[in-house]
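Below you'll find the structure, written out as structure tokens, and then a few comments.
The values are calculated or read from the model by the stated rules, or taken from the named source; none is laboratory data. Computed from a predicted model, the values in this text were never measured in an experiment. Heads up, the Cβs are rebuilt from the backbone with ideal geometry, glycines too, and the neighbour counts pull from every protein chain shown. Just so you know, the surface numbers come from the protein's heavy atoms only, side chains and all, with ligands and any DNA or RNA stripped out. Shrake-Rupley method; radii C 1.70, N 1.55, O 1.52, S 1.80 Å.
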Number of protein chains: 2
Amino acid sequence: MREVCVAGVGMSEWGEVWRKSIRDLFVDAASAAIKSAKVDHIDSLYVGCMSGGLFVGQEHLGALMADYLGMAGIPAMRVESACASGGMAFRAAFLEVASGASDIVMASGVEKMTDVSGDGATDALATAADQEYEVFNGATFPGLYAMMANAHMARYGTTRDMLSAVAVKNHKNGAKNPVAQYPFEVTASQVASSVMVADPLRILDCSPVTDGAAAVIVCTPEIAKKLGVPYVKVLGSAVATDSIALAQRADMTTIKSATLAVAKALKMANKKLDDIQFAEVHDCFTIAEIMVAEAIGKYQPGKAGAAILAGETALDGKFPMNSSGGLKSKGHPVGATGIAQIVELYKQLTSKAENGRQIPKSPKIGMAQNMGGSGASSVVHILEVA
Amino acid sequence: MREVCVAGVGMSEWGEVWRKSIRDLFVDAASAAIKSAKVDHIDSLYVGCMSGGLFVGQEHLGALMADYLGMAGIPAMRVESACASGGMAFRAAFLEVASGASDIVMASGVEKMTDVSGDGATDALATAADQEYEVFNGATFPGLYAMMANAHMARYGTTRDMLSAVAVKNHKNGAKNPVAQYPFEVTASQVASSVMVADPLRILDCSPVTDGAAAVIVCTPEIAKKLGVPYVKVLGSAVATDSIALAQRADMTTIKSATLAVAKALKMANKKLDDIQFAEVHDCFTIAEIMVAEAIGKYQPGKAGAAILAGETALDGKFPMNSSGGLKSKGHPVGATGIAQIVELYKQLTSKAENGRQIPKSPKIGMAQNMGGSGASSVVHILEVA
């Protein structure tokens with residue numbers, strides 16, 4: 001297997017971007033990535049997108065996006081694993097370069113979520129859950145994560161303040177991120193008094209509905225050196241799955257797919273968890289960040305909430321999590337999120353994080369954990385600065 | 001890049017399968033492939049599916065199918081390029097084994113198309129076209145291919161009899177295929193007098209709406225030898241794209257993506273087109289088979305129709321095309337079609353084609369051409385018996 005690296009990154013505007021279509025968002029991010037990596041072509045394109053069909057009536061995004069990037073003809077395909085679609089696109093690009101089939105591949109993600117009306121976005125997102133056993137019976141994603149939160153609180157004594165601390169921390173980071181959809185700080189009392197969505201999750205416990213795209217250039221280190229751009233090496237790449245339906249899992253207070261994927265990625269990278277200095281994790285709801293922090297092995301079950309409340313995962317903490325602002329503040333265009341995590345790792349590892357968002361200790365190794373549904377898919381990547 | 005082969009294949013029932021859900025269809029095909037290859041595990045799973053979201057309200061098929069196969073935990077993801085989704089799943093599995101990341105990977109495809117009502121299937125399929133420039137203005141797939149057919153007829157004098165000859169040949173082959181949705185012969189006069197869908201295309205020029213799944217086991221030749229099963233080597237794998245909207249193409253009487261993908265696949269395989277002894281091609285409409293036969297270089301532009309009418313592509317002809325019955329007779333569960341083409345290549349190359357469908361000359365090398373939309377994506381594979 002060949003060595004693989006990331007040699008450039010790009011993001012579109014994120015938010016309620018009503019003036020741009022899904023193809024515009026993609027082209028903005030892709031063009032920025034191309035400029036960042038200084039490449040004059042790409043050999044192949046992967047587009048992560050959860051549901052172009054339900055959100056904008058457009059499948060077949062691989063060919064469409066290749067064409068609108070001015071590159072009709074190149075190999076292109078879409079990959080999907082619900083909200084882990086972006087991470088899967090990165091995984092696919094990694095494998096293509098690792099195999100030797102291509103030298104320069106773009107991994108991208110995009111979602112245009114605000115063009116639907118009424119419950120359209122919630123309904124589209126629900127297709128990441130088990131249609132026959134969960135959605136048919138009325139479950140939505142806030143409802144599923146609320147059940148997980150209640151179970152976690154009942155077993156471990158996780159508190160409202162711990163949930164709020166995740167939102168407070170991530171908004172504090174996101175306030176320094178120029179692409180964040182909600183680039184402002186929130187207080188714990190604002191979170192705790194925000195409108196209830198699905199008990200115990202309130203609106204400020206939830207990541208937003210977002211339009212946005214992100215793209216990265218994946219190539220070999222030799223090519224990155226020739227391009228003369230900073231690059232970060234992909235040390236580990238792993239995917240794991242679990243039953244989609246919560247009722248079919250042994251334990252709904254943890255994310256087993258994250259545990260499995262991190263273990264595999266660490267093994268591939270030949271690293272220990274303690275070697276990882278910071279992480280972007282999938283905080284689609286505040287409880288998710290707490291559960292993932294435990295599932296990846298950073299904290300014992302039931303211990304992450306208190307650690308986050310104590311500031312251990314803040315930008316200047318022992319183990320910064322979601323320096324980008326996370327899904328919570330930065331936004332969550334579901335197909336793009338996994339790529340945006342790689343963008344943040346690249347920026348932190350190459351000391352390019354904007355507006356005082358740089359992690360003070362200048363980390364050398366970081367991890368991205370992107371997940372689909374209520375954790376049935378996790379894709380984990382470990383990156384190291386060259 | 002490691003050598004890669006196909007070591008087992010499986011199909012579900014194909015047709016209007018109202019008693020089975022999308023997950024049942026997948027499990028039927030996947031179980032058959034596992035049995036065929038005699039493997040006791042798989043390292044990873046790819047699921048090709050065009051629109052689980054629009055057809056059955058279910059995205060996130062990677063994790064779902066891994067779980068229902070009894071393998072929750074393994075890496076799994078869905079890939080999509082409209083009706084080329086199956087071929088793309090095979091391509092992704094090929095790259096994963098070629099890279100060395102995994103040894104035994106399942107490539108599968110599935111679509112459950114008959115659970116929608118009214119125009120649901122036509123509307124879902126239309127998301128493979130350009131939503132903003134084609135679908136918004138009322139174009140459907142029969143309409144788009146009818147425009148291509150009219151242009152081809154106007155430029156080259158392609159006739160009604162030539163279109164009918166494609167349907168007659170493919171139904172003759174499909175009548176010998178135990179999984180075919182429409183396993184019966186049709187006459188040219190039946191095709192020519194069947195109900196008009198979009199002039200000049202009649203209902204017997206169109207592939208049907210189908211429920212079905214297909215799966216293959218992709219591994220290294222060393223593993224296939226250890227398993228003690230027949231296997232076929234993957235000599236070439238290539239993808240190419242084109243503008244989705246017909247109005248944005250230089251020429252709508254050919255399929256440029258097929259021309260590009262075949263050239264790349266032949267180069268990778270180090271073969272000439274004359275080395276290819278038979279092919280499965282994407283006959284979603286009769287005109288498509290004629291245009292693809294020309295685009296891949298087998299016939300000069302405008303010459304394929306007469307050759308097909310003369311029997312050159314029949315089972316006992318010089319260059320058999322669609323020995324399986326093709327999409328036309330076998331059925332077209334859009335995400336599964338590209339994998340079913342690989343199943344047919346495997347059967348023909350290992351002399352396992354059923355019911356007298358075996359190509360008489362016992363071919364050693366075959367090609368599969370699977371395409372998405374009105375040809376904006378083509379994925380081509382060249383396989384050789386070991």
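The C-beta contact set for the stretch A:195-209 (first residue of a type in the set (Asp, Glu), second residue assigned to a strand (DSSP E or B), distance under 7 angstrom, 6+ apart or interchain) comprises A:Asp205/A:Phe285. Which numbered condition in (1) hydrophobic (A, V, I, L, M, F, W, C); (2) in a loop (DSSP other than H, G, I, E, B); (3) open to solvent by 10 Å² or more (accessible area, probe 1.4 Å) is the only one that A:Met50 fails? For A:Met50, the failing item is (3).
A single member of A:Ala7, A:Ala63, A:Ala29, A:Ala33 is more than 21 Å from the chain's Cα centre (by Cα) and open to solvent by less than 10 Å² (accessible area, probe 1.4 Å), and it is A:Ala63. Could you grab the pairs with beta carbons closer than 9 Å, sequence gap of 6+ or different chains, first residue in the stretch A:358-382 and under 16 Å from A:Asn322 (Cβ atoms) and away from every other protein chain (no Cβ under 14 Å), second one part of a strand (DSSP E or B) and open to solvent by 10 Å² or more (accessible area, probe 1.4 Å)? Here the result reads A:Pro363/A:Val385; A:Gly366/A:Glu384; A:Gly366/A:Val385, each pair linking the stretch A:358-382 to a residue that is part of a strand (DSSP E or B) and open to solvent by 10 Å² or more (accessible area, probe 1.4 Å). Would you check if B:Asp274 is more than 26 Å from B:Ser164 (Cβ to Cβ) and touching a Ser or Thr at 6+ places or on another chain (Cβ under 6 Å)? So B:Asp274 fails the test. Listed by position, the helices (runs of 4 or more DSSP H) contained in the stretch A:149-240 that have at least 2 residues being buried (at least 20 other Cβ atoms within 10 Å of the Cβ) are A:160-174. Residue under question is B:Ala129, and the condition is that it be open to solvent by 10 Å² or more (accessible area, probe 1.4 Å) and in contact (Cβ under 8 Å) with a residue 24 or more places away in the chain; does it hold? No, not satisfied. Taking the conditions (1) under 20 Å from B:Ala128 (Cβ atoms); (2) part of a loop (DSSP other than H, G, I, E, B); (3) within 13 Å of another protein chain (Cβ to nearest Cβ) in turn, B:Ala250 satisfies each one other than (1). Applying the set (1) among the aliphatic types (A, V, I, L, M); (2) within 30 Å of A:Val116 (Cβ to Cβ); (3) within 19 Å of the chain's Cα centre (by Cα) to A:Ala240 leaves exactly one unmet item: (2). Cβ-Cβ distances below 6 Å connect the following pairs, each with a first residue in the stretch A:42-58 that is hydroxyl-bearing (Ser, Thr, Tyr), a second residue that is surrounded by 24 or more Cβ atoms within 10 Å (Cβ to Cβ) and assigned to a loop (DSSP other than H, G, I, E, B), and a separation of six or more residues or different chains: A:Ser44/A:Pro75; A:Ser51/B:Glu59. Filtered by the rule that a residue be touching a Gly at 6+ places or on another chain (Cβ under 9 Å) and crowded, with 23+ Cβ neighbours inside 10 Å, the stretch B:288-307 gives B:Ala288, B:Glu289, B:Ile290, B:Met291, B:Val292, B:Ala293, B:Glu294, B:Ala295, B:Gly305.
Conditions (1) open to solvent by less than 10 Å² (accessible area, probe 1.4 Å); (2) in contact with a Leu (Cβ under 9 Å, 6 or more places away or on another chain), marked per residue:
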position: B:Gly326; (1), (2): yes, no
position: B:Leu345; (1), (2): yes, yes
position: B:Gly356; (1), (2): no, yes
position: B:Gly366; (1), (2): yes, yes
